[in-house]
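All remarks here apply to the structure that follows.
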Amino acid sequence: MLSPTIEQFLDHPEHDAPEGDAAEGDLLAEDWNEQLDVAVRVHLLDRWLSEDAPDAPMVLTDIRPEPNEPWMMRPDALVKTGLFPAVEHTSGTRRDPHACRAIAVAEAASAVERALLAGGSAPSRRVERLIADLRELILSQGREAVLVTVVDPVTGAVVPDETHVVLAWETEYDAALRISVVPRREREGRGEPRHAACSFAACPDGVRVPPEEHGVAEAKVRALCAGTVLAALLKCDGRAAFSVGWRTHGLDPEQAADLDEVREWWENTSWCEEYDDTFLGVYYDYGAGAWFGPPHLIPTQEQIDNIDSEGRDDYPARDCTTLGAPGESATSLWMLGDQLHSLHTAAFLTEVEAFRRACRHQCRETSDVSGPLVDALLDELLARPLERVGGPERRMLIWADADEDGGFWRTDDHSIDVYEDARRLLVVGPHEALYMIFNGDSGS
């Protein structure tokens, strides 16, 4: 499965990078893959720290392409990479690197861990588990490390109560990476809040979004981070195994409860259009019953146009974007090309819990990861989004590429099928809609 770019995966609005600045453009064009593993953990960890203990420190990160010249021990080169002086965009925190001390990668991991655990109240179990997971990631992927002493560019004074670790990161595309642990500060000043995805897009000043859109953007980024971490723990092929669409739908609550109104809205969304556009390529690329020549041969437009005249009523893409009516549930195992089946809320929530159990079991088998971390990630990916979209009363219409038992990403033995074709989930609440694709190994 080809991984989407950072810009595509985040669906991040155009940021205000200076014209001609290649660094920002190159970063957004990079694949959403293993190089983001630290960023997604740090983003979630910072949010969890803030929620669990208001006096806990902030943890921040930035990632840039590794220069072709010596850079780690030179403060001026660290600035040239883009890792400094902007440390935290939304609070305006800036730091100039003053001195660099080479340390072992294990010492760098310990320095980050100590800084996170030193400030604030006792950490929650989810924070403890994610800090431990971040430490293991640093140990496994870090190649070289330096501890950076920084100064406040306004006063010129050395800042003593902050930890800044810079690592050369060992991925397919080597990266320069900074992890900073600093006292918690007020994030937003005057004006509209900044988009939550700015920390991934290296926006110089951040993209401002209206307050009414900020909550959805923040919740979506948290879900994307959780899905990316979970994909890594499940040993999925690539980090984009979970994609998340989330938006206000523009229907009034009465329309959002009406099947015909929702169908009309759905047919005009980019979600529907994107699936329709990519479906044939995915279907025929994997040779799933192609009629026109050998498997893996994608039909031409002329062949597609002639389907009806040739009397073919089993054309797979005919119903793949149709929202089934309640009662038209799946009668067998889901097949690529089936319509989205309507699910009752209670049955769907039962499937969510079965999905949770399967994830916990598989993560223990593949990653030796404890249940509390898996539960916290699934809360971010599914439970919290469902509560926000449907409200406490779970007022929502639900469709999924589900089997007859309501399962949508589990095998017959109830483990997680990381090689499954892409399965979709659409949830429409009174004001917002959530659209997820569990991509597996060969999805769209």
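Tabulated values for the structure
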| read-out | value |
| --- | --- |
| Phe355 being open to solvent by less than 10 Å² (accessible area, probe 1.4 Å), in contact with a Lys or Arg (Cβ under 7 Å, 6 or more places away or on another chain) and part of a loop (DSSP other than H, G, I, E, B) | no |
| Answer from Asp413, Asp441 - the residue that is more than 18 Å from the chain's Cα centre (by Cα), open to solvent by 10 Å² or more (accessible area, probe 1.4 Å) and either at pLDDT below 80 or of a type in the set (A, V, I, L, M) (or both) | Asp413 |
| Among the residues listed as Val165, Val150, Val154, Val105, the single one being modelled with pLDDT of 95 or more and surrounded by fewer than 20 Cβ atoms within 10 Å (Cβ to Cβ) | Val105 |
| Residue ID - nearest to Leu373 (Cα to Cα), chosen from residues in region 178-230 that are of a type in the set (Gly, Ala, Ser) and modelled with pLDDT of 90 or more | Ala226 |
| Selection count where residues are without any contact (Cβ under 8 Å) to a residue 60 or more places away in the chain and either in contact with a helix residue (DSSP H, G or I) (Cβ under 9 Å, 6 or more places away or on another chain) or of a type in the set (D, E, K, R) (or both), scope region 358-373 | 5 |
| Any hit, region 48-65, residues being surrounded by fewer than 17 Cβ atoms within 10 Å (Cβ to Cβ), under 24 Å from Asn33 (Cα atoms) and without any contact (Cβ under 8 Å) to a residue 40 or more places away in the chain | no |
| Every residue from region 385-410 that is within 14 Å of His431 (Cα to Cα), among the acidic types (Asp, Glu) and part of a loop (DSSP other than H, G, I, E, B) | Glu393 |
| Pair list, Cβ under 8 Å, 6 or more apart: region 255-269 residue among the basic types (Lys, Arg), other residue open to solvent by less than 30 Å² (accessible area, probe 1.4 Å) | Arg263/Leu323 |
| Test: residue in region 364-378 that is on the phi > 0 side of the Ramachandran plot, open to solvent by 40 Å² or more (accessible area, probe 1.4 Å) and acidic (Asp, Glu) | yes |
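The values are calculated or read from the model by the stated rules, or taken from the named source; none is laboratory data. Predicted, not measured: the structure shown is a model, and the values here were computed from it. No Cβ is skipped: glycine too gets one built from the backbone with ideal geometry, and neighbour counts run over all protein chains shown. The area values use the complete protein model at the heavy-atom level, side chains included, leaving out ligands, DNA and RNA. Shrake-Rupley method; radii C 1.70, N 1.55, O 1.52, S 1.80 Å.
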